[in-house]
Amino acid sequence: MAREGLSSLFPIEELSIVGLAAVVRQAPKILRLIRQTADAVAQVSPDILVIIDSPDFTHRVARRVRAAAPDIPTMADTLPGFEITSWGGICGPAGLPAPMPAWRPSTARTSATRLRSRPETTRRGGTSSDRQTSACTSTSNGREPSIAHSTTDSAGFLPGLIGIAKEKGFAGYPGEGANLWCAVHIRDVASVFRLALEKGPAGKYWHAIAEGEIPFREIAEAIGSRLDLPTVSVPEDVLMLPGYFGPLTNLVTGSFPATSLITRHTLVWEPAQPGLFADLDNGHYFPAG
């Protein structure tokens, strides 16, 4: 984001804190940064406040902004997957802070939206189900983030897999690699945001899904072919999977198919950017030389 011209209030490394003891030691600094950020937002008075990830920090900033300037709507962006919901407050997924009390922005501003990772259609046990689950329970129902790709993707899922393949000398996939992932170009996500804000009816769910059922093995094969490395199945063993995938183990073994048919029909939206495999050749993920 800095390369795109962002001027940060403070270095992001100040929030790179690991471990309960470290959090306790640095609590005064964290609280100061929360106050500093919220005060800056209230002073600028933007058309909309967009908070991204790190809910322990960003949700607290949003609470303070809401208290100081209740007419500023908020958009919460988790990870690519995606569900955008018109809302009157922040709904905390399982394991994160409790939901904020509902609030409604001034009628002079656009209603806020929330980006969440729950597909419109969920496949369970090999069959399709159109049953909608609650926006507050999507994370606890096991809906994990998918792949958002672009030339600005430097710390996402794809760079992580590419880095592992380079380190291990082969591109791995778990078991048969039949588990399904979804993907979207980040600019297509932005277009869904715009359409949802401009004409999306309140209380509806929107999903920025361009490709909904990509077998993980095909992702590994695409990475391996571009690195000129073999593609190898990693046995689904409690030692071998973590030995290859490390902290990504729980993600890569999941299956998260999704669809955006309702979103495409209702918002008249179609992905316009390159698909996942075409975008792997954009020169960003595998630089020449």
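Quick note: the coordinates plus some simple rules give every number you see, no bench work behind them. Keep in mind it's a predicted model, so treat the numbers as computed, not measured. Cβ coordinates were reconstructed from backbone atoms using ideal geometry, including for glycine residues, and neighbour counts include every protein chain displayed.
Give the long-range amide H neighbours of V50: residues separated by 5 or more places, or on another chain, with amide H under 5 Å away, using H modelled in the peptide plane at 1.01 Å from N.
For V50, whose amide H was placed from the backbone, the distant partners under 5 Å are M75.
Among 261-268, 206-213, how do they line up by average Cβ neighbours within 10 Å per residue, starting with the highest? Numbers along the way, then the final one.
Numbers: 261-268: 15.8, 206-213: 23.9.
Output ranking for 261-268, 206-213: 206-213, 261-268.
In what sequence do L31, L276, L229 fall when counting other Cβ within 10 Å, fewest first? Write down the numbers at each step before the final one.
On the way: L31 11, L276 22, L229 17.
Starting with the residue having the fewest Cβ neighbours, the order is L31, L229, L276.
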